[in-house]
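Shown next, in structure tokens, is the structure this report addresses.
Only the coordinates and a few stated rules stand behind these numbers; no lab work does. Bear in mind that the values here come from a model prediction, so they are computed numbers and not experimental data. Here the Cβ is made from the backbone with ideal geometry for all residues, glycine too, and neighbour counts use every protein chain on show.
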Amino acid sequence: MTCYRKASGLDGGWRAAKSQHTREQILDATLRCLVSEGYAHSTIDTIASRAGVSRGAMTHHFPSRAELFLEFGPYLVDLRIAEYEEVVRRISARMNGLPTPANMRETVNLLHHRYFNRPSLLALEELLLGARTDVALRDIAGMAQRELDRREMAVRTACLPVWKGLDASSELLRDMMTNVLTSLAITPAHLMSSERHEHLCDLMAAVSMDEFSRAYAGLKPAGPA
């Protein structure tokens with residue numbers, strides 16, 4: 001009797017692990033479909049095919065497209081935050097105190113290449129675009145964006161104490177960087193010259209440096225300029 005219970009418990013654990021693995025496969029396939037096909041064409045059948053699961057397995061885990069995207073929203077936020085925290089920790093290590101013009105420009109580069117230029121950003125933009133006309137998706141995308149904003153702020157203030165000194169201007173600065181870097185990430189390369197791209201990044205770094213300089217007037221930056 002004891003042996004039977006032990007085997008049953010192991011079997012239950014294996015089934016739970018297999019089920020969780022399948023769900024993660026489907027969520028990962030959803031992200032890849034959003035990036036390559038767009039929201040409108042990311043159907044249950046398309047995602048199931050990309051995940052390598054049968055339609056029956058797909059509907060067992062997610063009976064409808066709405067239920068799939070309801071779970072995908074938090075999944076995407078978790079992924080974006082993991083990527084964001086990794087980048088912000090790099091920025092914090094290199095800044096070593098108050099920002100300088102040189103490390104502010106490097107900050108813009110890190111954010112652009114390691115956070116905004118990611119498949120997860122394209123997937124998020126597809127959700128937001130789809131939410132414009134899909135009422136069911138609107139709440140999901142809105143909740144995901146608000147939760148992402150909240151958790152990004154928590155990461156910034158924890159890893160970059162200098163950010164707290166900006167007061168009200170901190171969110172305007174964040175909005176500027178987010179909107180410009182998102183635009184750069186989703187604009188096809190042939191529509192923007194590398195010179196224009198670099199000029200925009202230089203301008204963002206200069207405006208950001210100006211805000212920090214005003215907030216911390218009289219304090220000397222740490223490290224080399």
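With a Förster radius of 22 Å applied to the beta-carbon distance between residue 185 and residue 36, the computed FRET efficiency rounds to 0.90. The order of 78, 45, 134, going from fewest to most other C-beta atoms within 10 Å of their C-beta, is 45, 78, 134.
Sorted ascending by nearby beta carbons within 10 Å, beginning with the fewest, 113, 41, 61 become 41, 113, 61.
Using the Cβ of residue 53 as centre and a radius below 14 Å, the other residues enclosed give a net charge of +2, where K and R count +1 and D and E count -1. Seen from residue 182, the other residues with C-beta closer than 15 Å to its C-beta sum to a net charge of -2, counting Lys and Arg as +1 and Asp and Glu as -1. Counting Cα-Cα pairs of the range 6-124 in 10 Å increments starting at 0 gives whole-percent bin shares of 12, 33, 24, 18, 11, 2, 0. Couplings 3J(HN,Hα) of the range 76-87, computed from phi: 5, 4, 4, 5, 4, 5, 4, 5, 5, 4, 4, 5 Hz, in residue order, whole Hz [Karplus 6.51 cos²θ - 1.76 cosθ + 1.60, θ = phi - 60°; x for Gly and Pro]. Here the range 63-83 is scanned for amide nitrogen atoms under 15 Å from the site 7 Å beyond the Cα of residue 44 along Cα-to-Cβ, giving 63-71. Ellipticity at 222 nm from helices only: DSSP H runs of n ≥ 4 in the chain, each -39500 (n - 2.57), divided by the residue count, give -26000 deg cm²/dmol. Here is the size of the chain from its Cα atoms: Rg then Dmax, 21.7, 76 Å. Neighbour counts of other Cβ atoms within 10 Å put 30, 178 in the fewest-to-most order 178, 30.
Candidates 87, 131, 216 compared by Cα position along the dipole of the range 64-225: farthest toward the positive end lies 216, with charges placed on Cβ.
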